[in-house]
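Single-structure report; data block below.
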Amino acid sequence: MPLRFFNTLTRQVEDFTPREAGKVRLYTCGPTVYNFAHIGNFRAYVFEDLLQRHLEYRGLKVDRVMNLTDVDDKTIRGCRTCGVPLADFTAPFKKAFFEDLDTLRIKRADHFPEATAPEHIARMIEMISTLTAKGHAYRAEDGSVYFRIRSFADYGKLAHFNTEELRDGVRVRNDEYEKENVGDFALWKSYDEADGDVSWESPWGRGRPGWHIECSAMAIGILGPELDIHCGGEDNIFPHHEAEIAQSECVTGKKFVRLWMHCRHLQVEGSKMAKSAGNFFTLRDLMEKGWSGREVRYALISVKYREQLNFTLEGLAAARSALQRLDEWTTRLRELAQSASAEGSAENSDSFGEALDDDLNISAALAVVFDLIRTTNRHMDESSLTPNEALSLLNWLKGVNSVLGFDVEAESITPAVSDLLARRATARAAKEWKSSDTLRDEILAAGWVVKDTKEGQKLTPLPRGGG
Ligand code: AMP
Ligand code: ZN
């Protein structure tokens, strides 16, 4: 089955093939670093992580960008309130963001461009100049530069808004708007007292870029004018992504993005997350309450990205017990596989991968995993699962784990370790303790702790780091 994803642009599930065979250019809107990211942001990032990992599982090379929005109204307000330079204000939130990614086992993107980097600011200015020269942008009385939505016939096509109405909106001139059309958005904001010392020189005087042009410039600068996939949360569809299309396509004359993917907004305890509602969680809040990154990851990933996900403490508890089942199963398999004689084959069926091929149908994919756990646990109870079969299942789990990122202790025992174990058993039977200890150290060096029990040698993997 080909990969199929829902495209926000066409509102249809479509077959996906990247423009260049084998390589996916993926852009994902990143955090605005004025605060710790909240659990809703992480729904978006975990969904994008699953997407990336599944594309890689299917043998595609993913070149991924996630930007950091480190200049906008909120970051400027924050640094002004704290009385520190912008970069000093955003630095700890950038650092926290990367720590949170690790806690949730989210793979690092290939590029994390920061909007304030000189090369990106330069590209933003260049793009705005091109838009102005082509008649897609104009300078208003306040010195700011706006995109003229009336000049782009496709404006509104992503959000499926009535484009005529949007584009023919009333001409507004009052204190708030100095624009030709109420829907025109700022590409460049002229300097305002409230900006403090945050500003850059431009052909239109001192000012700063608008948020939308930041993403267009970083995307095109790093991935080129034609992306395969662009993701974000559903709140990004309008105006942010609509504006990105308009700016980018008017500059390059090329189709900016083939596939637009958006996740539904996360609800918490049945309603919108808000500090006032007492249901506003950062990842750190949840860690303090004793949940692990793995459990939060499970809770966020286990509902399909386009479906409503209501984040609750019961949901986290369910995630905890699901992971326990997975871990217990893995331990049982590993014990059984210790006496495997072959290397074990990969599972033949790929129903797990096929479920995800179908627009990341995670519920179906998890059902495959847990059905298999149920039946093979029964077989182990009945002693009818062979060590070689156990090893094959562990090999299969490795692939599953590379996509789900649950870090199940899925490392199966290699034939070399099996051999060391067998030699150690022989040495112990012959009471050659020195040799037995040497072999134990070799097994340790291969990543396993061996313990001698009544039933024989038992292996446990060396604990790995991570939250
Ligand atoms: P921001 O830091 O607000 O620019 O958001 C960063 C990313 O998180 C964007 O892709 C947003 O669409 C996404 N996002 C924000 N809130 C939520 C939420 N409650 N549920 C899912 N995604 C969200
Ligand atoms: Zn963006």
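Determine whether the range 325-335 contains at least one residue that is outside any loop (DSSP other than H, G, I, E, B), free of Cβ contacts under 8 Å to residues at least 24 places away in the same chain and not assigned by TED's automatic domain parsing to the domain that holds LEU51.
Filtering the range 325-335 for residues outside any loop (DSSP other than H, G, I, E, B) gives 325-335.
Next, from what is left, pick out any that are free of Cβ contacts under 8 Å to residues at least 24 places away in the same chain: 328.
Checking the rest, the ones that are also not assigned by TED's automatic domain parsing to the domain that holds LEU51 come to 328.
The answer is yes; a qualifying residue exists.
Just to be sure before I move on: is GLY59 among the small types (Gly, Ala, Ser) and more than 13 Å from ligand 1 (Cβ to nearest atom) in the structure I sent?
Yes: the conditions hold for GLY59.
In the range 223-274, which strands (runs of 3 or more DSSP E) lie fully inside it and hold 3 or more residues that are within 16 Å of ligand 2 (Cβ to nearest atom)? Steps first, answer last, please.
Working: elements: 227-233, 257-263, 266-268.
In the range 223-274, the matching strands (runs of 3 or more DSSP E) lie at 227-233, 257-263.
Of all the helices (runs of 4 or more DSSP H) wholly in the range 26-144, which have at least 2 residues that are open to solvent by 20 Å² or more (accessible area, probe 1.4 Å) and of a type in the set (Phe, Trp, Tyr)? First the steps, then the outcome.
Details: elements: 39-57, 73-82, 86-103, 118-133.
Passing ranges, in order: 86-103.
Looking at (1) buried (at least 17 other Cβ atoms within 10 Å of the Cβ); (2) modelled with pLDDT under 95; (3) of a type in the set (S, T, N, Q), which is the one condition that is false for ASN348?
Exception for ASN348: condition (1).
Select from the range 1-25 the residues that are β-branched (Val, Ile, Thr) and outside any loop (DSSP other than H, G, I, E, B) and write down the one among them that is least open to solvent (accessible area, probe 1.4 Å). Quick ask: steps written out before the conclusion?
Restricting attention to the range 1-25, the residues satisfying the condition of being β-branched (Val, Ile, Thr) are 8, 10, 13, 17, 24.
Narrowing further to those that are outside any loop (DSSP other than H, G, I, E, B): 13, 24.
On the way: VAL13: 54, VAL24: 0 Å².
The extreme case among them is VAL24.
For residues that are within 18 Å of ARG208 (Cβ to Cβ) and not small (Gly, Ala, Ser), tally how many sit in the range 65-106. Break it down into steps so the answer makes sense when it comes.
Taking the range 65-106 and keeping what is within 18 Å of ARG208 (Cβ to Cβ), we get 67-81, 84-90.
Subsequent filtering for residues that are not small (Gly, Ala, Ser) retains 67-77, 79-81, 84-86, 88-90.
Looking only at that region, the number is 20.
Quick check on my filter: what residues within the range 198-235 are away from ligand 1 (no atom under 14 Å from the Cβ) and within 23 Å of LEU266 (Cα to Cα)? So that I can check it myself, show each step before the final result.
So the first thing to find is which residues in the range 198-235 are away from ligand 1 (no atom under 14 Å from the Cβ), and the list is 198-209, 213, 216-217, 220-228.
Once the filter is applied, which keeps residues that are away from ligand 1 (no atom under 14 Å from the Cβ) and within 23 Å of LEU266 (Cα to Cα), the range 198-235 yields nothing.
The values are calculated or read from the model by the stated rules, or taken from the named source; none is laboratory data. What you see is a predicted model, and the numbers here were worked out from it, not measured in a lab. With ideal geometry, Cβ positions are generated from the backbone for all residues, glycine too; neighbour counts draw on all protein chains shown. In case anyone asks, the SASA skips ligands and DNA or RNA and just uses the protein heavy atoms, side chains included. Shrake-Rupley method; radii C 1.70, N 1.55, O 1.52, S 1.80 Å.
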